[in-house]
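Engineer: I have a structure here, written as structure tokens, and I will follow up with some questions on it.
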Amino acid sequence: MSLTLGELAVRFGCELRGDPAIAIDRVATLAGAAPGALAFLANPQYRRQLESTRASVVVLNAADAAQCTVPALIHPDPYATFARIAALLYPTPAIVPGVHAAAVVDASAEIHPSASIGATAVIGERVRIGARVQVGPGCIMGEGVSVGADTRLAARVTLLRQVSLGERCIVHPGAVIGADGFGFARERQGWTKVPQIGAVRIGDDVEIGANTTIDRGAIEDTLIENGVKLDNQIQVGHNVRIGAHTVIAGCTGISGSTHIGQRCMIGGATAIAGHLEICDDTVISGSSNVTRSISKPEMYSSTLAAEPARIWRRLAARFKRLDKEAARLTRLERAVGLASRTAAEQDEIDE
Amino acid sequence: MSLTLGELAVRFGCELRGDPAIAIDRVATLAGAAPGALAFLANPQYRRQLESTRASVVVLNAADAAQCTVPALIHPDPYATFARIAALLYPTPAIVPGVHAAAVVDASAEIHPSASIGATAVIGERVRIGARVQVGPGCIMGEGVSVGADTRLAARVTLLRQVSLGERCIVHPGAVIGADGFGFARERQGWTKVPQIGAVRIGDDVEIGANTTIDRGAIEDTLIENGVKLDNQIQVGHNVRIGAHTVIAGCTGISGSTHIGQRCMIGGATAIAGHLEICDDTVISGSSNVTRSISKPEMYSSTLAAEPARIWRRLAARFKRLDKEAARLTRLERAVGLASRTAAEQDEIDE
Amino acid sequence: MSLTLGELAVRFGCELRGDPAIAIDRVATLAGAAPGALAFLANPQYRRQLESTRASVVVLNAADAAQCTVPALIHPDPYATFARIAALLYPTPAIVPGVHAAAVVDASAEIHPSASIGATAVIGERVRIGARVQVGPGCIMGEGVSVGADTRLAARVTLLRQVSLGERCIVHPGAVIGADGFGFARERQGWTKVPQIGAVRIGDDVEIGANTTIDRGAIEDTLIENGVKLDNQIQVGHNVRIGAHTVIAGCTGISGSTHIGQRCMIGGATAIAGHLEICDDTVISGSSNVTRSISKPEMYSSTLAAEPARIWRRLAARFKRLDKEAARLTRLERAVGLASRTAAEQDEIDE
């Protein structure tokens, strides 16, 4: 597909600086672009690449446009504009309706005639699959699963019994939705399994990354609301709720019964303890440990950044001496007659 | 299934406060219960829900019973009692013996006639599958695998050559047991693979979560003893041993050749270094880094909790200055004539 | 296979201390060896096991040979020598060429006649599979995938459209290569997906662990160079580049667009932020958080080790008071007339 800058400016509401007749047929990075390609600038880290780019046009904001040496499509939100142009240039491949001969579909399943069921997929009893759903090869659906219209399961996705997925969702390979939550009661002779009888309910427009796991509820359902985006290798414990339009980056783990609000942004490799309430619009930086509920929507962090090990070893050793060094402070304060405020400060930690 | 409170009290050894003829047929949370449901109280965080619950009966301990406004089944261990009642109300579905027509089973495999082999499962040479084993769809077993009676592989579980699983185990989808351990010798031209010739041996009553990986031993076997419970997305390196009845929460990684004792409880997202010995009954809180062996069974931790980022940034900056601030302390001590103990303290860190 | 110590000494360039006619036919650990087995000593932690080993021969370095009570094969690099001997004793099983009857292969795929395609594998359009490639059961390959000669996909590996793998690679079960990167643009009504149109290109002699995920590039390709070794459950974001012969241990996450140099060694459970440059030969200890680019090749760390929780709680509380304790220092310095250097030090943190 080829589009002119004039068409793009009109369709996406951009100010065009340059010849409206120029055509592009693909996207590229600023550094990698050749003529015929559209690039974008959203991260200021890459601003210096504007000088040398060979792109036919760059999508950027007004402030950066001055430094652009090639035609520009100016928009206050260049990244979203780029996303929409790219979606136009690279449409999702149309699916081929029908059930592959090597799929295994239970007779009681209701599969919309416009859906596509791939090779070696296994569809269980009473599964309902909506219009234009793509079930990639190797997907497995247990009894009573339902999948809404236009959802795409890339390949090798496992949906266990009673899991429901909304419309227009995307689920990547290896995701496991609806495995038993981790619930055991301690007894003298070992651990007794607590039956996990809830399900997982997932809203519309949710994306779930490769090898991410979302456990079924212990009693009630685990809930993922509309528009949530989960990256790869995220673990979502039983009875977690994730509010609409929250995004969570890879390798994050969320322990059971924690409720995360709407529009939160959670960085990768974050660990969130169980039974917490995280309010709407919370931002958590990557690699944080969240151990208490959050009721004020701001940014939270607990990351200590890597240092050269020879420096880090000294800092870690100092850290282990913090209690002793506080005692040295107190002793000093006493020695110079500043002891009065110290006692209270000591108390604080002794609680 | 419907059960009366009288039957439950007798069968599970509870004191009943309320009408023994009342019947329940399902479980529910305190907050979500309607008449006909049994709920429980084990986590004090939910105690205030006792006031308003509509459950027909609540399983709880004697201390909490006073605040219970509906019938009560009183037991010193309400959670385990609840688990057993729930198992009675929600029995594991019976398996349908036989090999699915779309399974691929090697002629040399020995499959007990009471076992169930699901669609698209692939069973390799000389595999032995015991009585009443459920092999879900998409499971793969390499040469020489053995699976003990009553074990259930939910779906899409991979057991590589020579792996053995005991009786009554449960393995969730995406688990990979017996992949090569991570062993390479550095040489001038790159890394030389060290053959991984050990296997994985897993005891009875072990549960293994979705997308958890347990590597085969380098020379000897990786060992998981009876009653171990592993949550989702856990990584177990080669030659690890995990002692009986230890439970490990999700996203934890255990490096090679570490031995974990019996009855340990390890929180999620914990990282445990290699070649360590962790003694029986050790408790490790979530998100900890374990870098040394543990010989005393108590609780260990290394988690710093997330703070608002504006506060955290100051703390992290202070942390990086710990060495300098210790030097300020020393200088102060010298200035006020308290220097004598300082030298020794400095030495400690300079080692 | 049985080999004499004389043969081993000649073939692997070792000095032999002992009878060249002695034969071994297997490997074992020092502690577990019986006569007929070859053991090795590389980790000094196991040196004391030399005294009591029953191995027929031990591969070790000259310094340790003095303490060896059984025959010795002396080599400056005993671990690599052991690896090569073990590879000789335990050769990779030969593959059986041909396409399994239960595999699903698109008519447009080009499969070398010497390759092996396992049961339930699904091979898409225009896939190219080289000589002696082993595609294990349950593997899935999307449109346009290519796999170089002698590569082995153990089982249940997913390669999405356009992914290319070089020669002699090993990929373990559950790995997902080429799923969409995590790219969304925020808009008022939610998140707009940014099409992920790059691919993943992987060089020769790469090993990829179980359940590891490598995302396709957003625009350009994600690149894994020759000889890279990735352990289990690693997440590699879109547009990451990993330089030749770098090794990364399990559970590590690498955010998008980060470039890692050659010959780096990265410990497990490390979190690396996006858009960073990590130079060649960098070493990062396990459980570190890397948040800034690294331009100097040394060892980096940010791990605080677990302590008994009763001690840790005091340290964590002290940590939270670091800002206040620095203020106490400043006050003390003023009190004893040492304030002059303090102001500058305070400024540093106030920036």
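The values are calculated or read from the model by the stated rules, or taken from the named source; none is laboratory data. For clarity, every value in this text was computed on a predicted model and none was experimentally measured. Please note: Cβ atoms are built from the backbone with ideal geometry, for glycine as well, and neighbour counts cover all protein chains shown.
Engineer: Given the conditions (1) part of a loop (DSSP other than H, G, I, E, B); (2) surrounded by fewer than 21 Cβ atoms within 10 Å (Cβ to Cβ), which single one is not true for B:Thr192?
Structural biologist: The one condition B:Thr192 does not meet is (1).
Engineer: Residues that are surrounded by fewer than 24 Cβ atoms within 10 Å (Cβ to Cβ), of a type in the set (Val, Ile, Thr) and touching a residue at least 24 places away in the same chain (Cβ under 8 Å): does the range A:166-176 have at least one?
Structural biologist: yes
Engineer: Which number in (1) over 46 Å from the mean Cα position of the chain (by Cα); (2) part of a helix (DSSP H, G or I); (3) modelled with pLDDT of 75 or more marks the one condition that A:Ala343 misses?
Structural biologist: (3)
Engineer: Further, regarding this structure: Looking only at residues in the range A:211-227 that are touching a residue at least 40 places away in the same chain (Cβ under 8 Å) and within 14 Å of chain C (Cβ to nearest Cβ), which one is nearest to C:Ala185 (Cα to Cα)?
Structural biologist: Here the answer is A:Asn226.
Engineer: Could you please find all residues in the range C:1-17 being in a loop (DSSP other than H, G, I, E, B), modelled with pLDDT of 95 or more and either more than 22 Å from C:Pro76 (Cα to Cα) or in contact with a Leu (Cβ under 6 Å, 6 or more places away or on another chain) (or both)? Spell out the reasoning first.
Structural biologist: Restricting attention to the range C:1-17, the residues satisfying the condition of being in a loop (DSSP other than H, G, I, E, B) are C:1-2, C:13-14.
From what's left, modelled with pLDDT of 95 or more: C:13-14.
The one that is in a loop (DSSP other than H, G, I, E, B), modelled with pLDDT of 95 or more and either more than 22 Å from C:Pro76 (Cα to Cα) or in contact with a Leu (Cβ under 6 Å, 6 or more places away or on another chain) (or both): C:Cys14.
Engineer: Sort out which residues of the range B:89-110 are away from chain C (no Cβ under 14 Å), in a loop (DSSP other than H, G, I, E, B) and small (Gly, Ala, Ser), and write them in order of number. Give the steps one after another, and end with the answer.
Structural biologist: At the first step, the residues of the range B:89-110 found to be away from chain C (no Cβ under 14 Å) are B:89-98, B:108, B:110.
Those still in the list that are in a loop (DSSP other than H, G, I, E, B) too: B:90-97, B:108.
Within the range B:89-110, B:Ala94, B:Ser108 meet the criteria.
Engineer: A:Val122: within 19 Å of A:Thr151 (Cα to Cα), over 26 Å from the mean Cα position of the chain (by Cα) and at pLDDT below 95, yes or no?
Structural biologist: Working: within 19 Å of A:Thr151 (Cα to Cα): yes; over 26 Å from the mean Cα position of the chain (by Cα): yes; at pLDDT below 95: no.
Answer is no for this residue.
Engineer: Sticking with this one: Could you list, ordered by first residue, the pairs with Cβ atoms under 6 Å in which the first is in the range C:73-98 and over 18 Å from B:Ala185 (Cα atoms) and the second is at pLDDT 95 or above, at least 6 apart or interchain?
Structural biologist: Hits for this filter: C:Ile95/C:Ser116; C:Ile95/C:Gln134; C:Val96/C:Ser116; C:Pro97/C:Ser114; C:Pro97/C:Ser116.
Engineer: Condition test on C:Thr282, is it on the phi < 0 side of the Ramachandran plot and either touching an Asp or Glu at 6+ places or on another chain (Cβ under 9 Å) or surrounded by fewer than 18 Cβ atoms within 10 Å (Cβ to Cβ) (or both)?
Structural biologist: The answer is yes for C:Thr282.
Engineer: May I pose another question? If a residue must be within 20 Å of the chain's Cα centre (by Cα) and either surrounded by 24 or more Cβ atoms within 10 Å (Cβ to Cβ) or more than 23 Å from A:Thr120 (Cβ to Cβ) (or both), how many such residues does the range C:151-162 contain? Let's see the steps before the verdict.
Structural biologist: The initial filter retains those residues of the range C:151-162 that are within 20 Å of the chain's Cα centre (by Cα), namely C:151-159.
Checking which are either surrounded by 24 or more Cβ atoms within 10 Å (Cβ to Cβ) or more than 23 Å from A:Thr120 (Cβ to Cβ) (or both) leaves us with C:151, C:153-159.
So the count comes out to 8.
Engineer: For the range C:246-261, which positions are buried (at least 24 other Cβ atoms within 10 Å of the Cβ), under 17 Å from C:Gly203 (Cα atoms) and not hydrophobic (A, V, I, L, M, F, W, C)?
Structural biologist: Residue satisfying the conditions is C:Thr246 alone.
Engineer: Still on this structure, please answer the following. For the range C:287-305, does any single residue satisfy the condition of being farther than 19 Å from C:Gln235 by Cβ and in contact with a Lys or Arg (Cβ under 6 Å, 6 or more places away or on another chain)?
Structural biologist: Within the range C:287-305 (the criterion being farther than 19 Å from C:Gln235 by Cβ and in contact with a Lys or Arg (Cβ under 6 Å, 6 or more places away or on another chain)), the answer is no, since none of the residues qualifies.
Engineer: Let me ask you something else. Applying the selection to the range B:175-189, what residues are in a strand (DSSP E or B) and either under 22 Å from C:Phe12 (Cβ atoms) or at the interface with chain C (Cβ under 8 Å from one of its Cβ atoms) (or both)? Step through it out loud before you land on a result.
Structural biologist: Residues of the range B:175-189 in a strand (DSSP E or B): B:176-179, B:184-187.
Correct list: B:Val176, B:Ala179, B:Phe184, B:Ala185, B:Arg186, B:Glu187.
Engineer: List the number of the failed condition for B:Arg331; all other conditions in (1) over 30 Å from C:Glu333 (Cβ atoms); (2) surrounded by fewer than 18 Cβ atoms within 10 Å (Cβ to Cβ); (3) facing chain C (nearest Cβ under 10 Å) hold.
Structural biologist: (1)
Engineer: Taking the criterion of being without any contact (Cβ under 8 Å) to a residue 60 or more places away in the chain and in contact with a helix residue (DSSP H, G or I) (Cβ under 9 Å, 6 or more places away or on another chain), would at least one residue in the range C:267-276 satisfy it?
Structural biologist: yes
Engineer: Please work out which one of (1) at pLDDT 95 or above; (2) surrounded by fewer than 20 Cβ atoms within 10 Å (Cβ to Cβ); (3) of a type in the set (Phe, Trp, Tyr) is the condition B:Tyr46 fails and give its number.
Structural biologist: (1)
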